[in-house]
Amino acid sequence: MSYLLPNLTKKKQVDSIIRDTIDKVLVLRFGRASDALCLQLDDILSKSAREVSKFATVAVVDIDSEDVQVYVKYFDITLVPSSVFFFNAHHMKMDSGTADHTKWVGAFHTKQDFIDVVEESGWMGTFVGKPGR
Amino acid sequence: MMKSADKKRKKESKKCEFEFCKVCNLNHDHGNRHKYFPNHTKSLSTFLHRFQTKLSDIRFFLRNPTILRPELASRNRFWCVVCDAEVDEIGSSFACANAINHLASADHAKKLKHFLWKYGGGMDHADNFRFSEADLAKWEKKCHSLNDGSSSCSDRTNGLQIGPSNDIQNELSYKSINDFENNNLGPLTPKFLNNVLPLQYNTHKYQISQSGHPATAADGRIVCGDFEHIGWQNSQHCIPHTDAVGTSNFGNGGLYQGKHMAIGGSNLHGKNLDLMVIFSGLASIAQVSVMAPGLAEGNVHTGAPPPWLEMTVEHHPEDTSVPLSSKKGKSKLNPKRVGAAWAEKRKAELEMEKRGEIVNSDCGPNWLPNFGRVWQSGSRKESLKEFESEKPELPKVEVDPEMPITLRPYVSKRMVRLCSLWPLKMISFR
């Protein structure tokens, strides 16, 4: 399903999407297309991408790509899939139920769950003005 | 003594027989005494009250019979708590017809008596939960008169299209479909003229009283599809809403509103009229104001754009040149949002890039966004510095793996000290 979303394999692409997504939530999924859980997450992301397109942008990053390894290390991606949220190039933290608030690990059960998380992130970024902790 | 003991035994045996009370919804072994218990009387009053509210709805239709549309028949059901039976209206032509017949039946009366005997409530109140034969007879009379009225109306309107074939509000009102443009007025005109009364209102105004043929005018009010008299407020009959005759005989006659008519289709030459709709027995009066022909063009059904959209386009024709997002961004977005300063700066850079100007951006090949790490202390900018400081350490580790690693057992400091002292001790012993 990742073919429906922008697939980023180079650092430059990731840089540009982070820098060019202005006043919108950016969701970067780090994973690989061969993983089952990634596929499940990609399915939900691709189906929800249009619905959240007014306030969010969704993209997938292939962690097996060499050029992107610096981001894999920087974001400390150890479990796959992991989704990192940004707003105006600022990293948005969130409480996903685990100790790691820096990213969302795993897939979502339903589209609505994902949309709720994105809305929450957008709300925090736009109205509350805090990137979370 | 023996007799009282026998009586006691009988009572005890009666106590053992459990039965279900549907009023209280519980099983009990109180026997006939149960209906005198205060809890049961309370439950019975609420039970009968609920049943009575349902009966009052049916009683309304008993007094005011209305025709039931076939598509709504399946939705109407009535559960008779006395008979424990469901009464549906499939196949009935009048609202609650089957329910009325059931409540007036002898079988229901018999079961009602048994119910009141078993659960209490008083036989005096039996009439409240059934319909008498006199009521039934009156209702049947009214139904017959309704039927006669509708059949005569349908004869008259045979030559006219009462509504478009897919108009759900008018399905009951017509039996044959004709091409409305032809305006075949023949069947209607002579009979209509015979029943004409002196007009009490202007030619463009009609009073319509509701009968059993509800239909909806273009503005959503209910009008009727059956007509016999003009200007008779309390009539049970209605003006045919496809009365194309009216256009010729009554000047502005006809029950149309604008070009689009829920009744006659858009083929009619729309005549804008004032309509007075009075429902007999109901207090609903709606007056439609006369619309100018220009404004009457286009509505939801014809696919015209809504007026508020047209207004916004008229009011803001100058903003098309300016990108809306930037304007909206400035006015709507919170200035204290996350990364507001960065966003504004970045937008300015993008605009400069669009114009073709060179932008001095700090985005080199080593650029990384601020990232809040898990074990981060301090601001997020420091996480970038930490990462960059960690980076040079990695290549040092990578160079060494080619060297062979020799594994040695762990030797404690004590042992090392002893080993170093051991040769001295050996010498001292000698």
Self-check item: Flag if A:Ala49 is in contact (Cβ under 8 Å) with a residue 40 or more places away in the chain, under 22 Å from A:Lys24 (Cβ atoms) and within 14 Å of chain B (Cβ to nearest Cβ)
Solution: no
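For segment B:19-45, which positions are in a helix (DSSP H, G or I) and closer than 22 Å to B:Val87 by Cβ?
From segment B:19-45, those in a helix (DSSP H, G or I) are B:31-36, B:38-45; that's our starting set.
Answer for segment B:19-45, where residues must be in a helix (DSSP H, G or I) and closer than 22 Å to B:Val87 by Cβ: there is none.
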Exercise. Name every residue in segment B:1-34 that is modelled with pLDDT of 60 or more and among the acidic types (Asp, Glu), in order of residue number.
Key: B:Asp6, B:Glu17, B:Glu19, B:Asp29
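Each row is one residue, and each column tells you yes or no for (1) under 15 Å from B:Cys143 (Cβ atoms); (2) out of contact with any Gly (no Cβ under 6 Å at 6 or more places or on another chain); (3) at pLDDT below 90; (4) part of a helix (DSSP H, G or I).
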position: B:Phe51; (1), (2), (3), (4): no, yes, no, yes
position: B:Leu55; (1), (2), (3), (4): no, yes, no, yes
position: B:Ser92; (1), (2), (3), (4): yes, yes, yes, no
position: B:Asn101; (1), (2), (3), (4): yes, yes, no, yes
position: B:Asp107; (1), (2), (3), (4): no, yes, no, yes
position: B:Lys110; (1), (2), (3), (4): no, yes, no, yes
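Look at segment B:106-148 and say how many of its residues are aliphatic (A, V, I, L, M), surrounded by 13 or more Cβ atoms within 10 Å (Cβ to Cβ) and in contact with a helix residue (DSSP H, G or I) (Cβ under 9 Å, 6 or more places away or on another chain). Please lay out each step first, then the result.
So the first thing to find is which residues in segment B:106-148 are aliphatic (A, V, I, L, M), and the list is B:106, B:109, B:112, B:116, B:123, B:126, B:134, B:136-137, B:146.
Now narrow it down to the ones that are surrounded by 13 or more Cβ atoms within 10 Å (Cβ to Cβ): B:109, B:112, B:116, B:126, B:136, B:146.
Still in the running and in contact with a helix residue (DSSP H, G or I) (Cβ under 9 Å, 6 or more places away or on another chain): B:109, B:112, B:116, B:126, B:136.
Within segment B:106-148, residues that are aliphatic (A, V, I, L, M), surrounded by 13 or more Cβ atoms within 10 Å (Cβ to Cβ) and in contact with a helix residue (DSSP H, G or I) (Cβ under 9 Å, 6 or more places away or on another chain) number 5.
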Exercise. Taking only segment A:1-26 into account, find how many residues are in a helix (DSSP H, G or I), of a type outside the set (A, V, I, L, M) and within 14 Å of chain B (Cβ to nearest Cβ).
Key: 7
Practice problem: Kindly check whether there is at least one residue in segment A:27-41 that is of a type outside the set (A, V, I, L, M), more than 14 Å from every other protein chain (Cβ to nearest Cβ) and in a helix (DSSP H, G or I). | Solution: yes
Quiz item: Which condition number in (1) over 23 Å from B:Thr46 (Cα atoms); (2) touching a Phe, Trp or Tyr at 6+ places or on another chain (Cβ under 7 Å) is the one that B:Leu112 fails?
Solution: (1)
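Using the structure shown, decide if A:Asp20 is surrounded by 15 or more Cβ atoms within 10 Å (Cβ to Cβ), on the phi < 0 side of the Ramachandran plot and free of Cβ contacts under 8 Å to residues at least 40 places away in the same chain. Explain how you work it out, then say what you get.
On the way: surrounded by 15 or more Cβ atoms within 10 Å (Cβ to Cβ): no; on the phi < 0 side of the Ramachandran plot: yes; free of Cβ contacts under 8 Å to residues at least 40 places away in the same chain: yes.
It is false that A:Asp20 is surrounded by 15 or more Cβ atoms within 10 Å (Cβ to Cβ), on the phi < 0 side of the Ramachandran plot and free of Cβ contacts under 8 Å to residues at least 40 places away in the same chain.
Mind checking which residues of segment A:90-104 are more than 8 Å from every other protein chain (Cβ to nearest Cβ), hydrophobic (A, V, I, L, M, F, W, C) and assigned to a loop (DSSP other than H, G, I, E, B)? Give the derivation first.
Initial filter on segment A:90-104 (more than 8 Å from every other protein chain (Cβ to nearest Cβ)): A:94-98, A:103-104.
Among the residues that remain, those that are also hydrophobic (A, V, I, L, M, F, W, C) are: A:94, A:104.
If the condition is that a residue be more than 8 Å from every other protein chain (Cβ to nearest Cβ), hydrophobic (A, V, I, L, M, F, W, C) and assigned to a loop (DSSP other than H, G, I, E, B), then A:Met94 is the only one that fits.
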Quiz item: Residue check: is A:Asp67 among the charged types (D, E, K, R), crowded, with 20+ Cβ neighbours inside 10 Å and part of a helix (DSSP H, G or I)?
Solution: no
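The rows are residues; the columns are (1) at pLDDT 80 or above; (2) loosely packed, with under 10 Cβ neighbours inside 10 Å; (3) of a type in the set (A, V, I, L, M, F, W, C).
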{"residue": "B:Leu368", "(1), (2), (3)": "yes, no, yes"}
{"residue": "B:Arg373", "(1), (2), (3)": "no, no, no"}
{"residue": "B:Gly378", "(1), (2), (3)": "no, yes, no"}
{"residue": "B:Glu382", "(1), (2), (3)": "no, no, no"}
{"residue": "B:Phe387", "(1), (2), (3)": "yes, no, yes"}
{"residue": "B:Glu390", "(1), (2), (3)": "no, no, no"}
{"residue": "B:Lys396", "(1), (2), (3)": "no, yes, no"}
Quiz item: Checking A:Gln69 against (1) closer than 20 Å to A:Lys12 by Cβ; (2) over 13 Å from the mean Cα position of the chain (by Cα); (3) away from chain B (no Cβ under 12 Å), which single condition isn't satisfied?
Solution: (3)
Quiz item: Could we say that A:Phe87 is within 12 Å of another protein chain (Cβ to nearest Cβ) and surrounded by 19 or more Cβ atoms within 10 Å (Cβ to Cβ) here?
Solution: yes
Practice problem: Give just the number: which of (1) assigned to a loop (DSSP other than H, G, I, E, B); (2) under 26 Å from B:Gly364 (Cβ atoms); (3) within 12 Å of chain B (Cβ to nearest Cβ) does A:Thr78 not satisfy? | Solution: (2)
Exercise. Could you tell me whether A:Val52 is farther than 26 Å from B:Arg337 by Cα and either surrounded by fewer than 16 Cβ atoms within 10 Å (Cβ to Cβ) or β-branched (Val, Ile, Thr) (or both)?
Key: no
Self-check item: Output for segment A:105-122, where each listed residue is closer than 15 Å to A:Leu26 by Cβ, surrounded by fewer than 18 Cβ atoms within 10 Å (Cβ to Cβ) and either within 14 Å of chain B (Cβ to nearest Cβ) or polar (S, T, N, Q) (or both)
Solution: A:Glu120
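The values are calculated or read from the model by the stated rules, or taken from the named source; none is laboratory data. Note that the structure is predicted; figures quoted are calculated from it, not measured. FYI the Cβ positions are ideal-geometry reconstructions off the backbone, even for glycines, and counts take in every protein chain you see.
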